[in-house]
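Notes to accompany the following structure.
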Amino acid sequence: MQKKELIAGLLVVLSTVGTVAGIYGIENYRRKKFYTVELIARAPENGNWYPQQLKIPYGMKEVKILIRNIETVTHGFAIPDLGVAVGQIKAGEVKVVRFIPDKRGTFPFMCTVWCSTRHMQMRGELIIE
Amino acid sequence: MDNKDKLFGLIDLNWRFELTKFKQVGKLFKSRWFPLLPIIVNLFIFVIILLAGFIGGYSSGSYNFGIMIVWILWWVMLMFILVPGFSRSWCLMCPFPIFSDWFQRKRLFGVRQGKLEGLGLKWPKQLKNMWVMNIGFLVTTFFSGLFTVKPFATFVLLGGIILLAFLIGLIFEKRSFCLYVCPVSGFQGLYAQFATAEIRRMNPELCKNHKVKTCFVGNECGYGCPWMLTPFDFKKNTYCGMCLECFKTCPYDNMGFFLRPPGVDLLSDTPREPRRLDEAWKAFIMLGIAAVFFLTMQGPWGVLKDMVRQATFKGWLIFITLHSFFCLVGIPGIFFIFSCLSKLFSGNKEVSLRQIFINFAYTLVPIGLGVWIAFSVGIILPNGSYLIHVISDPFAWGWNLFGTAHFPWTPVFTGSLGYIQGFVLVIFYLFATALGFRLSKQTYLDLSQAKRGWIPILIFLTLVTILFLWLYLG
């Protein structure tokens, strides 16, 4: 009985603390493999891109940007100078953009889907330094 | 119940099929690992749900694991399969009270003899009913525009319920939280009366001669009923949480798990488990919420959606005022008028109006369940495909666990949605009328009075069904 009690306790700890620790462990390991930044997409009247300025070190093997659309409208994303673009990012969706930062400079990024009356102001900049 | 009574002339209301007669099922129900293991599995899933809700924050919820699993999968399974099919089977595997159980028993697997930990206070007598759950669930729906859309709101709701379950477990005895507070518990209890499964004692003589009543007081094999029922004689599913402790404590293996015809409990009215006003109001509230949810979530009226999603505070206040009035006063008020008409039509002077009102309120159990199942169809068919996405990327971190992270939103059978919903409504309307006339016979005793008294209630049920058919089929 004591052994079964121990197993039950262990299962509960694993399913709670173990699950949370495991999930964060896996994600940290994944993020270490690539240089990862998170970008939140919001229409200008709701706060615009966050952060509006992304800084990425030059010469990284690969950069991954997680673009999280937290709104209830569709957004898009593009960095024309780097030839990077994703299609529609629907409400609540997350899109992942991967590219190699092999050019130094400041590059504008923008929303590519008409999302609000101030859509044209939904812009930010990516600095590769 | 009449021994030859058949629903629609086909379904014998006394028919039972015992599943525990199969050795493996019986053995499973006696094992202390069951339902502990399903509870732990659900605990694991709910930890992921909570984490996804916390990480998802204020994102819109369509690609959030927490929102999708809770409001699309779990809710639909609850209303569609678990409650109508297997009574309170969700309570059997619910992880919410696991921490208070652990605290009270100081054990997860084994059986603690003697007094449980915690203050072990008795739940206040005035609140030993469904009113706390009625109001709690109604208040929860005030924030439905947040809970079903914003992941963090779902995190707060579920986290709050788990915390409350633990705190109440510290203060009050056994499963007081589940029995009197849990917002999910009340409607499950109500609609479980229609379920096609039940747990009951098998041989009444065995129980009568068994002096110790181990199912109530417990023994070395299991706990006395944590839901504080008397498994040796209860007749309704309403408050049985299916924890299966009575299977473990019965030395004669006299508890059984049965399949049965739907709605049998609605015809049961005993002095120990009478039909009650709080349960009647639960039926009104659930019907009202279903109508309001359809109008605000699946209907074409943007102005209502704006009110519910709190676009303006004033709009939201108008919503909660109208919503509360409609559920607590409006529907019961209209039903009261039809109950008065029933008494008038019947010509009966002896039966109280209160009894007529309460008895016939139970006809809303099949109607309400049908409306909720139809509403659930309206959730799962358009939105079910999101589930395929979120199981692969539960935290929106760009994971692709099962290779389905890029599965597009794919509504299915939405062209036929209204017809499917209409079909469900009609089926449950038929059950409501079949069971309702039996309720009328129980209420009035004299057949001619029962027939006359039934007419206004039948008209009410028909009007409600037509209203929902109009809503669903437009």
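The values are calculated or read from the model by the stated rules, or taken from the named source; none is laboratory data. Everything quoted here is computed from the prediction, not taken from an experiment. Counting neighbours? That spans all protein chains shown, and the Cβs are built from the backbone with ideal geometry, glycine included.
Take B:ILE72 and tell me if it is at pLDDT 95 or above and of a type outside the set (Asp, Glu).
no
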Picking from B:ILE67, B:ILE45, the residue that is out of contact with any Leu (no Cβ under 6 Å at 6 or more places or on another chain), crowded, with 20+ Cβ neighbours inside 10 Å, of a type in the set (Val, Ile, Thr) and assigned to a helix (DSSP H, G or I) would be B:ILE67
State the number of residues belonging to region B:1-35 that are modelled with pLDDT of 95 or more, polar (S, T, N, Q) and loosely packed, with under 13 Cβ neighbours inside 10 Å.
-> 1
Taking into account only those residues within region B:390-404 that are away from chain A (no Cβ under 12 Å) and in contact with a helix residue (DSSP H, G or I) (Cβ under 8 Å, 6 or more places away or on another chain), which is nearest to B:GLY53 (Cα to Cα)?
-> B:ILE391
Selection within region A:25-37 - facing chain B (nearest Cβ under 9 Å) and assigned to a helix (DSSP H, G or I) = A:ILE26, A:GLU27, A:ARG30, A:ARG31
Only one residue in A:VAL97, A:VAL86, A:VAL63, A:VAL73 is within 14 Å of chain B (Cβ to nearest Cβ), farther than 29 Å from B:MET68 by Cα and aliphatic (A, V, I, L, M). Which one?
-> A:VAL63
What do you reckon, is A:ILE40 in contact with a Lys or Arg (Cβ under 6 Å, 6 or more places away or on another chain), of a type in the set (Val, Ile, Thr), within 13 Å of another protein chain (Cβ to nearest Cβ) and closer than 30 Å to A:THR117 by Cα?
-> yes
How do the pairs read when you match residues in region B:105-119 that are within 10 Å of chain A (Cβ to nearest Cβ) and in contact (Cβ under 8 Å) with a residue 24 or more places away in the chain with residues anywhere that are among the basic types (Lys, Arg) and part of a loop (DSSP other than H, G, I, E, B), using Cβ under 6 Å and keeping only pairs 6 or more apart or on different chains?
-> B:PHE109/B:ARG32
Name the one entry in B:LEU158, B:LEU146 that is touching a residue at least 24 places away in the same chain (Cβ under 8 Å), within 14 Å of chain A (Cβ to nearest Cβ) and either farther than 30 Å from A:HIS75 by Cα or within 21 Å of the chain's Cα centre (by Cα) (or both).
-> B:LEU158
Considering only residues of region B:70-115 that are of a type in the set (D, E, K, R) and part of a helix (DSSP H, G or I), which is surrounded by the fewest Cβ atoms within 10 Å (Cβ to Cβ)?
-> B:ARG105
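Any idea which of B:LEU344, B:LEU364, B:LEU317, B:LEU295 is modelled with pLDDT of 95 or more and under 15 Å from B:SER144 (Cα atoms)?
That would be B:LEU317, the only listed residue that is modelled with pLDDT of 95 or more and under 15 Å from B:SER144 (Cα atoms).
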